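A.B. asks: Please see the structure below; I have some questions.
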Amino acid sequence: MALVSSVRRYFRHELLPLLADLRLAIGLLLVIALLSATGTVIEQDETVAFYQANYPEHPALFGFLTWRVILNLGLDHVYRTPWFLAILILFGSSLTACSFTRQWPMLKVARRWSYFTRPQSFQRLPFHTHFPQQTLQGIPEQLRQLGYAVFQEGDRLYARKGLIGKIGPILVHVSLLLILLGAIWGSISGFKAQELIPSGSIAPIQHLTGAGDLARAHLPTWQIRVNRFWIDYSPEGRIKQFYSDLSILEQDQEVKRQTISVNHPLSYQGVTLYQADWSIDSARIRVNNSPSFQIPVVPVRTETGNKLWGAFVPTKPDLSEGLTLLLPDLQGTGLLYNTDGQWIGSLRQGMSLALNDQLTLYLDEVIGATGLQIKSDPGIPWVYLGFGLLMVGVVMSYFSHSQIWALQTESGLYLGGKTNRALVTFEREFCWLVEQHLASPLSSGIPTAADWYPKGL
């Protein structure tokens, strides 16, 4: 019991105030911002070869940043590292402690009302005045016209409005906690993958570029079938749009089908498939009267950086002789070259080319492959909800919490008030209230402006 009591005392009097310290929260927020910037500048979830090529050891970037440093510190996947998640959890703990030790007690105090019983209490208020030989008559109705909630007990009165302004900061803290929760949950249970699937083929999700620990053990079991992939070209030959006709298969049964394009993805069970890239997978060829056979193509580097694919087309069954077929795009036109690198002619999809009296080549089909970027982030709904509540909480925080007290005594009526922001607006309301009471036929002993003008102004 003594140990438990000591732990509770340490938590309440030492640890909780430390977590609720505003300086700690600001420091953690700056660290999170710096690490997020680092994750934005340094490419994430790339291969080791990529980092070795772009962050060599000699010369090191900035004198210290090399591929070994990036990989050892986990800067290639900042948002999923244990230390980044630990900082998020610590920041969330700080927000929670601040909410329970400061914001929630302030709201509880604001909800309670108390009456002033002594005239001296009004001297502490920034706005106060005294009406000799006046009563509370008319004050409640005038305050209700200004939107105040009025509480009256005999000759004492308390009014307030803008309590929503006290709820706003708490809602801001809750929204930030939801955003942190969504970020943490997405990091440990989300994944990213890239698949290059030929038209007419079926493939599972298997080439992960980044995944949380929970995601690796629970990858989707359904498969992706590319019914067709095609590209729309402009009359000038430029690419206008990519299209992929996709089907989602579960146990060989189609459960969803949709044609996707750039900026128009497919979503299924929290997984989103984006049209990201394309390639040429193979070509179907016939030589003379032979059956159609499929030959693979490979990317060819060009000095200009344009995409180009090449394939070896055998002209003899023993593969001892052949031609080179170059495909620049999916429009169905191929370029043929002999072994000496001389251009022989062009061959369009669905057509043939007679190479000599004994050899005719047919190009039946150019098969494209769609490049899909696949993402799953279960934390996104929490993040969106958090940002929505954050906007609402910020707006609510701008509401002023205004309070007015009144006390009727033998020497007259005492009136005073205060607000936490928008002093000019509150001053106008207080002046209006004073003017309305001065206009009452019961008024006598009119006070001067110095009696009710706010102190210090």
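The values are calculated or read from the model by the stated rules, or taken from the named source; none is laboratory data. Predicted model only: the values in this text are computed from it and were never measured. Cβ atoms come from the backbone with ideal geometry, glycine included; neighbour counts cover every protein chain shown.
A.B. asks: So which residues in the range 157-211 are on the phi > 0 side of the Ramachandran plot and surrounded by fewer than 18 Cβ atoms within 10 Å (Cβ to Cβ)?
C.D. replies: 200
A.B. asks: Of the residues that sit in the range 131-156 and are part of a helix (DSSP H, G or I) and of a type in the set (D, E, K, R), which one is farthest from residue 94 (Cα to Cα)? Give the steps one after another, and end with the answer.
C.D. replies: Filtering the range 131-156 down to residues part of a helix (DSSP H, G or I) leaves 139-145.
Of the ones still in play, those that are also of a type in the set (D, E, K, R) are 141, 144.
Values: 141: 44, 144: 40 Å.
Out of the qualifying residues, it is 141.
A.B. asks: Would you mind telling me which numbered condition in (1) at pLDDT below 90; (2) small (Gly, Ala, Ser); (3) under 26 Å from residue 185 (Cα atoms) residue 63 fails?
C.D. replies: In the conditions (1) at pLDDT below 90; (2) small (Gly, Ala, Ser); (3) under 26 Å from residue 185 (Cα atoms), residue 63 misses (3) alone.
A.B. asks: Ok, one more. From the list 91, 84, 116, pick out the single residue that is at pLDDT 85 or above, among the hydrophobic types (A, V, I, L, M, F, W, C) and not in a helix (DSSP H, G or I).
C.D. replies: Unique residue meeting the criteria: 116.
A.B. asks: Whether any residue in the range 218-238 is at pLDDT below 95, under 18 Å from the mean Cα position of the chain (by Cα) and among the aliphatic types (A, V, I, L, M) is what I want to check.
C.D. replies: Scanning the range 218-238, I find no residue that is at pLDDT below 95, under 18 Å from the mean Cα position of the chain (by Cα) and among the aliphatic types (A, V, I, L, M), so the answer is no.
A.B. asks: Looking at residue 310 and the list (1) of a type in the set (Gly, Ala, Ser); (2) part of a strand (DSSP E or B); (3) touching a residue at least 24 places away in the same chain (Cβ under 8 Å), which single condition is not satisfied?
C.D. replies: Of the numbered conditions (1) of a type in the set (Gly, Ala, Ser); (2) part of a strand (DSSP E or B); (3) touching a residue at least 24 places away in the same chain (Cβ under 8 Å), the odd one out for residue 310 is (3).
A.B. asks: Now a separate question. Picking from 371, 379, 393, which residue would you name as being out of contact with any Asp or Glu (no Cβ under 9 Å at 6 or more places or on another chain) and within 30 Å of residue 216 (Cα to Cα)? Reasoning before the result, please.
C.D. replies: On the way: 371 fails: out of contact with any Asp or Glu (no Cβ under 9 Å at 6 or more places or on another chain); 393 fails: within 30 Å of residue 216 (Cα to Cα).
Only one candidate qualifies: 379.
A.B. asks: Examine the range 157-171 for a residue that is over 30 Å from residue 98 (Cβ atoms) and either assigned to a helix (DSSP H, G or I) or out of contact with any Asp or Glu (no Cβ under 8 Å at 6 or more places or on another chain) (or both), and state whether such a residue exists.
C.D. replies: Yes, the range 157-171 contains a residue that is over 30 Å from residue 98 (Cβ atoms) and either assigned to a helix (DSSP H, G or I) or out of contact with any Asp or Glu (no Cβ under 8 Å at 6 or more places or on another chain) (or both).
A.B. asks: Okay, moving on. Pairs under 6 Å by beta carbon, first residue touching a residue at least 60 places away in the same chain (Cβ under 8 Å) and farther than 25 Å from residue 239 by Cα in the range 279-300, partner surrounded by 15 or more Cβ atoms within 10 Å (Cβ to Cβ) and of a type in the set (Phe, Trp, Tyr), six or more apart or different chains?
C.D. replies: Pairs that qualify, where the first residue is touching a residue at least 60 places away in the same chain (Cβ under 8 Å) and farther than 25 Å from residue 239 by Cα and the partner is surrounded by 15 or more Cβ atoms within 10 Å (Cβ to Cβ) and of a type in the set (Phe, Trp, Tyr), are 286/362.
A.B. asks: Next question. Of the residues that sit in the range 108-142 and are surrounded by 16 or more Cβ atoms within 10 Å (Cβ to Cβ) and β-branched (Val, Ile, Thr), which one is nearest to residue 159 (Cα to Cα)?
C.D. replies: Ranking the candidates gives 139 first.
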